[in-house]
Amino acid sequence: MERKNLRIAVPKGSLFADAVDLLTRAGLDTTGLSQPGRQLVISNPGVDFIIVRPTDAPVFCAYGGADCGICGKDTLVEADLNVLEMVDLKFGGCRFVVAEPAAAHGRAEASYERLGSLRVATKYPRITKRYYDSIGVQVDIVKMHGNIELAPLTGMADRIVDITATGTTLRENNLVVVGEVLASTARFIASPASTRTDERVRELAARLEELTRGQDKVKVTAGGASA
Amino acid sequence: MIPTTPRGFRDVLPTEAAWRQEVTRAVCDTFASWGYVPVETPALERLEVLERAGALSDTPFRFFDSDNNLLALRPDCTLPVARLAALRLAGKPGPFRLCYAQEVFREHGSLYGDDRAFGQMGVEFIGADGVMADAEVICLLFDALAASGIEGFTVALGTVSVLNALVAASGANEAWKEGVFRAFHNSDFVEVRRLAEAPEVAGEYGSAVAELLRIRGGVDAIERCRALVAPLGCDVGLDELRCVYELVCANEEQGRLLIDFSVISSFDYYTGMVFKAYAPQVGHSVATGGRYDTTLEAFGRKGSAAGFAIGLERVMQVLEVQGTCPPQVGPQETVYGTDAAEVFARAAELRRSGKRVAIGGVR
């Protein structure tokens, strides 16, 4: 029986270039993948690359649309789906932080003291909930879709939980980091069924682990985990 | 307003319903051919009873009845059948070979595209343990999957005993131990490896835990595992696992059995072997099972037990992907005539010859 091509979900956007580079170094035929144009699937001998939004990579792996794929740890936590998290690929580093307006120092604590609950705006409700559960703080989460920085500036929320790579956007809006939630890097993920029935998934995972071994992860120091 | 069914619940139309019944019948006939007898449990259970055996990993629908009892729609069948064995079969010696085919219900958040009601066909072999009992359950799973019509399935077999022994002997603190189990349950291999290198655990135990994830194959995998954990005194249950593996391989021709130590079910009640069955091109497992020797005790009956459940929806999905044809339904003949009594008599005669016959009318 002829074997079907291995189907790999490759994330568009900021993770794309590193992902393609790593897959190439892992020995896959990535011809045409770096310049896909409008094509959504690049088929090469033995492998299909499915180009997806980063948040959709776990969905493809969980529902049988792809055998394996690449996405950020943050996406994985937020998706909360049944996929295997196989390898930390150590690129695409970013942090999830708690931030508040510099001018409003102490306001959130006072509000929490009075109401017993914080109001937090975020695009990532599950990550936020998980974080506040872990530190035992009651929180009302306001889900937003963009420009989260506006929420505390307009008084809609006490704080925000957002993703940051360099901190520039936060600084420009006079927000200061008051807590570290999660350090995220890209992960190699796989469908449970493919991992257990298709040797190629394990082999690829082993090669990727070999290639990324010894590389420095984004270091995020502990502490500063205030409410 | 156009009336719809609740999200995750659906009507099943004739062709599909007939197909589902045919598959269910083939699987249940296989259970019967191994001497398993059917039981039925109520759709509603008292929540406290279900929770007695440990945390439920699947969220059930919950209700209050008019007596203010907190009830739950059964989220699986293993706990209800264990309760049945403890309660209704108390004082009877056993062992019991029980099987079922009934719906289970789970509450999911919206937007996951998951069903909230699905069929499960399964067995519970209660009051028996050891190699013979474990091998019986797995062989029966092979026969049942083959009878369902699935081609080229793989059963991945592992055991929780080795991981349990490693974690217990590790000398690490409770937080580390819980973390390891949680990471295994969540299939988070990155977290397992991070914990393996953590300072709170002795290096050799940590690296053995991380290495477990990698070990898969045939008898060689069991021996590699033994070489890894025997020096730490944690080679628990490996002789038995090897016997089970060899017994099943010697007796099953369809499908394939693979040892895989990364298989740890999300249910935390398993105490020995654990296994999951997969079919090509379908992302989820089609069946899952294992040995759960402490569950019965939670219901007041001593004894060991093992079993599995096959997901009917998952099986149907595989049959469709592999291009299996649904059974023919509907009448093959329709009888008309001038006399009503003759129409009925002729139709009955045709039915006796094995045909599906509808009554037409009088002309």
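The values are calculated or read from the model by the stated rules, or taken from the named source; none is laboratory data. None of the values given here were measured: they were computed from a predicted structure. Every residue, glycine as well, gets a Cβ built from its backbone with ideal geometry; the counts of neighbours run over all protein chains shown.
Values as computed for the structure displayed
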{"quantity": "Condition met for B:GLY300 (surrounded by fewer than 17 Cβ atoms within 10 Å (Cβ to Cβ) and at positive phi)", "calculated": "yes"}
{"quantity": "Pick from the range B:146-176, criterion within 14 Å of chain A (Cβ to nearest Cβ) and surrounded by fewer than 18 Cβ atoms within 10 Å (Cβ to Cβ), ranking: nearest to B:SER33 (Cα to Cα)", "calculated": "B:GLU151"}
{"quantity": "Qualifying residue in the range B:129-142 (condition: of a type outside the set (Phe, Trp, Tyr) and under 22 Å from A:PRO192 (Cα atoms))", "calculated": "yes"}
{"quantity": "Selected residue [hydroxyl-bearing (Ser, Thr, Tyr), touching a residue at least 40 places away in the same chain (Cβ under 8 Å) and out of contact with any helix residue (DSSP H, G or I) (no Cβ under 6 Å at 6 or more places or on another chain)] from B:THR41, B:THR30, B:THR15, B:THR5", "calculated": "B:THR15"}
{"quantity": "The one condition in (1) under 22 Å from the mean Cα position of the chain (by Cα); (2) surrounded by fewer than 18 Cβ atoms within 10 Å (Cβ to Cβ); (3) not aliphatic (A, V, I, L, M) that B:ASP143 fails to fulfil", "calculated": "(2)"}
{"quantity": "Subset tally (residues that are part of a loop (DSSP other than H, G, I, E, B) and surrounded by 14 or more Cβ atoms within 10 Å (Cβ to Cβ)) for the range B:82-100", "calculated": "3"}
{"quantity": "Residue identified as modelled with pLDDT under 90, assigned to a strand (DSSP E or B) and either out of contact with any Cys (no Cβ under 6 Å at 6 or more places or on another chain) or on the phi > 0 side of the Ramachandran plot (or both) among B:PHE125, B:PHE63", "calculated": "B:PHE63"}
{"quantity": "Subset of the range B:218-237 that is without any contact (Cβ under 8 Å) to a residue 60 or more places away in the chain and crowded, with 20+ Cβ neighbours inside 10 Å - its residue that is nearest to the other protein chains (Cβ to nearest Cβ)", "calculated": "B:ALA221"}
{"quantity": "Scope the range A:104-139; condition away from every other protein chain (no Cβ under 14 Å), surrounded by fewer than 16 Cβ atoms within 10 Å (Cβ to Cβ) and more than 15 Å from A:ALA157 (Cβ to Cβ); matching residues", "calculated": "A:HIS105, A:GLY106, A:GLU113, A:ARG114, A:GLY116, A:ILE135, A:GLY136"}
{"quantity": "Listing of strands (runs of 3 or more DSSP E) fully contained in the range A:101-213 that carry 3 or more residues being closer than 30 Å to A:ASP48 by Cβ", "calculated": "A:186-190"}
{"quantity": "Residue, nearest to the other protein chains (Cβ to nearest Cβ), within the range B:177-217, restricted to residues that are surrounded by 15 or more Cβ atoms within 10 Å (Cβ to Cβ), in a helix (DSSP H, G or I) and in contact (Cβ under 8 Å) with a residue 40 or more places away in the chain", "calculated": "B:PHE189"}
{"quantity": "Unique residue being closer than 30 Å to B:ILE150 by Cα and modelled with pLDDT under 95 when the list is B:GLU342, B:GLU320", "calculated": "B:GLU320"}
{"quantity": "Residues (free of Cβ contacts under 8 Å to residues at least 40 places away in the same chain and either within 17 Å of A:ALA108 (Cβ to Cβ) or of a type in the set (S, T, N, Q) (or both)) located in the range A:150-172", "calculated": "A:LEU150, A:ALA151, A:THR154, A:GLY155, A:MET156, A:ALA157, A:THR166, A:THR168, A:THR169"}
{"quantity": "Given (1) charged (D, E, K, R); (2) surrounded by 24 or more Cβ atoms within 10 Å (Cβ to Cβ); (3) more than 12 Å from chain B (Cβ to nearest Cβ), number of the condition A:ARG53 does not satisfy", "calculated": "(2)"}
{"quantity": "Count of the range A:174-215 residues which are without any contact (Cβ under 8 Å) to a residue 40 or more places away in the chain and more than 14 Å from every other protein chain (Cβ to nearest Cβ)", "calculated": "0"}
{"quantity": "Unmet requirement for A:ALA19, which otherwise passes all of (1) small (Gly, Ala, Ser); (2) surrounded by 15 or more Cβ atoms within 10 Å (Cβ to Cβ); (3) touching a Ser or Thr at 6+ places or on another chain (Cβ under 9 Å); (4) not in a loop (DSSP other than H, G, I, E, B)", "calculated": "(3)"}
{"quantity": "Matching residues, the range A:68-90, being more than 15 Å from the chain's Cα centre (by Cα) and more than 9 Å from chain B (Cβ to nearest Cβ)", "calculated": "A:CYS68"}
{"quantity": "Restricting the range B:303-335 to residues that are surrounded by fewer than 18 Cβ atoms within 10 Å (Cβ to Cβ) and touching a residue at least 40 places away in the same chain (Cβ under 8 Å), the residue that is nearest to B:VAL357 (Cα to Cα)", "calculated": "B:GLY330"}
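Residue by residue, here is whether (1) over 19 Å from A:SER191 (Cα atoms); (2) of a type in the set (Ser, Thr, Tyr) holds:
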residue: B:ASP239; (1), (2): yes, no
residue: B:VAL263; (1), (2): no, no
residue: B:VAL274; (1), (2): no, no
residue: B:GLN281; (1), (2): no, no
residue: B:THR288; (1), (2): no, yes
